[in-house]
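Notes for the one structure printed next.
Read-outs throughout are calculated quantities, based only on the coordinates presented, and are distinct from any laboratory measurement. Keep in mind it's a predicted model, so treat the numbers as computed, not measured.
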């Protein structure tokens with residue numbers, strides 16, 4: 001499928017397509033049968049809200065760093081500190097490290113853009129999968145790394 005060259009807004013670039021959110025939720029529930037999955041570092045007005053009540057959403061307002069279980073997690077920590085433009089990022093690396101701790105404690109997945117160094121530098125035993133969110137309906141190709149535990 002050919003993608004159009006259009007300038008996407010910041011929200012459009014960050015938005016997780018609903019089919020991709022469903023894919024992540026289904027895989028996490030397949031690996032860790034639970035009543036619900038916590039989606040951490042979620043964008044406000046995310047399409048994950050359409051998956052309620054199977055998801056518990058934690059935006060920046062909830063401070064995902066305070067999540068104390070018991071559900072498996074889908075983590076979308078800030079990618080700036082770990083990506084190819086890390087030197088320009090003002091975001092803390094702490095969120096990525098905490099996301100890895102949480103996925104090892106509760107099970108689930110951490111999502112980062114392709115090129116992120118988070119899993120290479122701090123991953124410990126998870127399985128890394130590379131997917132394109134464009135295959136799930138994103139307006140851009142958006143190559144993505146998934147760290148499954």
Inset, instruction - Just need the relative contact order of the stretch 10-148 here, percent rounded to a whole number, with Cα pairs under 8 Å and 6+ apart. - result: 23
Inset, instruction - Mind checking the full-extension length gain between residue 86 and residue 61? Use 0.36 nm per residue of separation minus the Cα-Cα distance, one decimal, nm. - result: 6.6 nm
